[in-house]
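Beneath this line is the structure, given in C-alpha cells, with notes to follow.
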Amino acid sequence: MPQFHFVEEPDSLVDTLRAHEQLAVDTEFMRERTYFAQLCLAQVATKADIWCVDPLSGHSQDAFWQELLAHDWVLHSARQDIEVIYQAAGAMPRAIFDTQIAASLLGLPAQIGYAGLVKELFDVEIHKTHTRADWSKRPLRDEYLHYAAEDVEYLLPACEMLADRLDREGRLEWAHSDAAWLLDPALYDIGAEQAIDRLKGARNFRGRKRAAAARLAAWRETEAIRRDRPRQWIMRDSVLLEIAWNLPRRESELAALDGIPPKLVKRVGHELLAAVAAAVDEASAYTPPRPPNESQKALLKEMQAKVAACAEDLGIAAETVASKRELSAVVIVGNRKSRVFSGWRAELIGEELLGLL
C-alpha cells in the first residue's frame with residue numbers, strides 16, 4: 001500500500017515529482033455556489049506514495065503546477081478533472097491515459113465508474129461514502145483525506161493492466177487517441193453566444209421570442225462568469241423563458257410577469273429590457289433547430305445499425321464506437337469533424353458512414 005501524505009505547501013513536491021514520468025491524478029472540487037468549479041484538493045500518486053495537495057492553503061503553487069503538467073497522467077473519467085485543472089492552472093497536462101476509456105475499449109461498460117473498475121480488476125470494494133463532502137472546509141477530516149487518496153491508489157496498477165490487455169488486442173493506440181481528444185481546450189472554453197443551446201425550454205421558441213431568449217441567455221452567462229455564481233442564481237430558467245415569451249417593453253410589464261423577483265427588476269430590469277429590445281432586428285437569425293425529417297431519421301437508423309454491428313464484432317458497446325448524439329450531429333447538423341471520421345474509427349466504420357452521406 002502506498003504511503004499517504006497531506007501536503008499544504010504544493011511547491012515542496014516539485015523535486016519529488018520530477019523523478020517520475022507517469023503520475024496518477026484526481027481532484028476534489030466544489031461548484032454548488034460558483035460558476036467555475038473550485039479546486040479543493042489535488043491527489044497525486046506514484047506506486048509508492050500518495051499526496052493529497054491542498055490548493056487552498058495560501059502557499060505558492062505555481063512551480064507545483066508547472067511540474068505536474070509536464071508529466072503523463074493517469075486518470076479515470078478525466079473530463080471534469082481536466083476542466084477543473086485547466087481553469088485553475090491555465091494549461092493541460094502533457095498526455096493522459098483515461099482508465100474509463102481504456103476499459104470501454106476492452107468491452108467493459110462504457111461509463112464504468114472507478115469503484116466498478118477496481119472491483120473488476122482487483123476484486124477490491126471501494127465505498128463512495130463521501131461524494132457529498134464539503135471539500136472547501138478546513139481542516140479536512142481524516143476520513144475525507146483517506147477517501148480522496150483511495151481515488152488514485154489503484155490508477156497506476158489499473159493503467160498497467162489495461163494497457164497490457166489493449167496492446168495484446170492491438171487497441172492501445174485507440175486508447176491514447178481517444179484520451180487525447182480530452183486535451184482540446186475548445187471543449188472547456190466558454191462562450192456566451194452558445195448559452196441558448198443549454199436552455200432546453202427555448203427549443204421551440206421562434207422568431208423574436210427565440211432571439212430574446214438567446215440575448216437573455218447570453219446576458220445571464222456573462223453575468224454568471226463575471227460574478228462567478230451559478231446561472232440559476234443569476235436568473236432561473238423559468239424566469240428567463242417567461243421574459244422571452246412575453247417580450248416586455250417597460251419595467252412595469254416586466255414586474256407584472258409571473259415569478260419575476262422584484263429585486264431582479266430593480267437591480268437589472270433595464271438590462272433585461274435592453275436585451276429584449278435588441279432582439280427586434282435579430283428575429284430572422286434565430287430559428288429553432290429543425291427536427292429530423294423522415295429521410296434523416298432513416299439515415300440515422302441505418303448508421304446506428306452499422307455502428308452496432310461494428311461494435312458487436314469488436315466486443316464493445318456501440319456508444320464506445322459512436323454515440324447516438326454523435327451520429328445525430330453528423331446527420332442533422334452536418335458535423336464532418338466528428339471523431340467517428342478520424343483515427344481508428346475512420347478505418348473501421350467512418351469511411352462507410354461517409355459513404356452513406
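Laboratory data are not the source of any read-out in this text; all were calculated from the coordinates shown. It should be emphasised that the depicted structure is a prediction, and the values quoted were computed from it without experimental measurement. Ideal geometry is used to build each Cβ from the backbone, glycine not excepted, and the neighbour counts take in all protein chains shown.
Worth a mention:
- Figure legend: label point modelled 7 angstrom from the Cα of residue 6 along Cα→Cβ; residues of segment 38-53 with amide N under 12 Å from it are 52-53.
- Among 254, 211, 233 the positive-end extreme of the charge dipole of segment 192-285 (Cβ point charges): 233
- Scattering curve values for the chain, log₁₀ I(q)/I(0), Debye with Cα scatterers, q = 0.06, 0.11, 0.15 Å⁻¹: -0.30, -0.93, -1.24
- Per-peptide average of other Cβ atoms within 10 Å, ordering 250-258, 66-74 highest first: 66-74, 250-258
- Spin-label model, residue 329 to residue 266: label points 7 Å out along the Cα-to-beta-carbon direction sit 4.4 nm apart.
- Cross-link check: pairs 137/337; 200/263; 47/324; 119/337 evaluated at a Cα-Cα cut-off of 32 Å; pairs beyond the cut-off: 137/337; 47/324; 119/337.
- Histogrammed with a bin width of 10 Å, the alpha carbon distances of segment 192-285 distribute as 18, 56, 26, 0 percent, first bin at zero.
- Under 5 Å, built H, 5+ apart or other chain: amide partners of residue 40: 28, 29, 30
- Backbone amide hydrogens, once placed in the peptide plane, bring residue 49 within less than 5 Å of 3, excluding anything fewer than 5 places away on its chain.
- Here each label is just a point 7 Å from Cα along the line to Cβ, and for residue 301 and residue 277 those points are 5.1 nm apart.
- Here the residues 36, 29, ranked from fewest to most Cβ neighbours within 10 Å of their Cβ, fall in the order 36, 29.
- Between residue 30 and residue 337, the simple label model (points 7 Å from Cα in the Cβ direction) yields a spacing of 3.6 nm.
- Looking at the chain, the DSSP beta bridges with both ends there are about 50 percent antiparallel.
- Each residue in 77, 60 was given a count of other beta-carbon atoms within 10 angstrom of its own, and listing them fewest first yields 60, 77.
- Amide N proximity, segment 147-168 versus residue 125 label position 7 Å along Cα-to-Cβ, cut-off under 20 Å: 147-154
- Cα-centred dipole magnitude for the chain, charges only on beta-carbon of K, R (+1) and D, E (-1), debye, nearest 20: 2440 debye
- Residues 112, 243, arranged from fewest to most other Cβ atoms within 10 angstrom of their Cβ, appear as 112, 243.
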